[in-house]
Amino acid sequence: MKNIIFILLFALGATVAHGQEVYNSSGKANYKNKKKQKGYDPDKLVLGGGMNLGFGNGYANVGISPIVGYRLTKHFSAGVGLGYQYYKYPSYLDPFNNYYYTYMNIIYPNVWTRLFVYRNLFLSAGYEYDFITLKKPFDRFANLKQTKSTVDNHCLLVGLGLRQPIAGRVSFFGELFYDVLQGEYSPYPKGNLGIRFGIAAGL
């Protein structure tokens, strides 16, 4: 009789222990923990995009940049993107105090990285190559004309950002960045910080 009671208690204990393990891991019955996936893991894919805005002192800077990337470690992600940007700035002042502007339409492929250093705070770095259609005023013997040309530019952007989870793996992010190269046709004026914000899944 004692042996039967011992066997029943042992079986009950094993069942309870198994039930606790299942509940603690998932909260669902008949759930099995996922094995650690080797190689490519679609759950680490990062999809999203950002917008950047900048105005002031005659400047205007508006852009959009969809991105795709991969979370290489728990805190580090990297990827590529393709963006479009419109940039305007005053470049000529006539004797009557009228400003004339230079306009830039920019298409840029880019690579980017993000490193989370503390909770939702991250450092960012990225390189973009700008294909620029440039329109600017040209003063020849006091007859103001507009010239159009195609130029290119290199940007190296470093910044600091903050992520705010929305739901599941989707997060809103915002960041401040600066172009450390400051090329002749950089759409990020010297001494000014750029602002970017957007939504990404998988960060």
> If you scan region 87-112, which residues turn out to be surrounded by 13 or more Cβ atoms within 10 Å (Cβ to Cβ) and either at pLDDT below 95 or basic (Lys, Arg) (or both)?
Replying inline: TYR87, LYS88, TYR89, PRO90, SER91, TYR92, TYR100, TYR101, THR102, TYR103, MET104
>> Which numbered condition in (1) modelled with pLDDT under 95; (2) assigned to a strand (DSSP E or B) is the only one that LYS74 fails?
In response: (2)
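From ASN98, ASN120, which residue is over 22 Å from VAL62 (Cα atoms), in the same structural domain as PHE197 (by TED's automatic domain parsing) and touching a Pro at 6+ places or on another chain (Cβ under 9 Å)?
Working: ASN98 fails: touching a Pro at 6+ places or on another chain (Cβ under 9 Å).
Checking each option against the conditions leaves just ASN120.
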>> With the requirement that a residue be at pLDDT 75 or above and more than 30 Å from TYR101 (Cα to Cα), what does region 27-65 give you?
In response: GLY39, TYR40, ASP41, PRO42, ASP43, LYS44, LEU45, VAL46, LEU47, GLY48
> Do the conditions hold for GLY69, that is, is it more than 16 Å from SER186 (Cα to Cα), assigned by TED's automatic domain parsing to the domain that holds TYR178 and either under 14 Å from the mean Cα position of the chain (by Cα) or assigned to a loop (DSSP other than H, G, I, E, B) (or both)?
Replying inline: yes
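Sort out which residues of region 95-112 are polar (S, T, N, Q), free of Cβ contacts under 8 Å to residues at least 40 places away in the same chain and in a strand (DSSP E or B), and write them in order of number.
Just the residues of region 95-112 that are polar (S, T, N, Q), to begin with: 97-98, 102, 105, 110.
Next cut, free of Cβ contacts under 8 Å to residues at least 40 places away in the same chain only: 97-98, 102, 105.
THR102, ASN105 - these are the residues of region 95-112 that are polar (S, T, N, Q), free of Cβ contacts under 8 Å to residues at least 40 places away in the same chain and in a strand (DSSP E or B).
The values are calculated or read from the model by the stated rules, or taken from the named source; none is laboratory data. What you are looking at is a predicted structure, and each value in this text was computed from that prediction instead of being measured. Ideal geometry is used to build each Cβ from the backbone, glycine not excepted, and the neighbour counts take in all protein chains shown.
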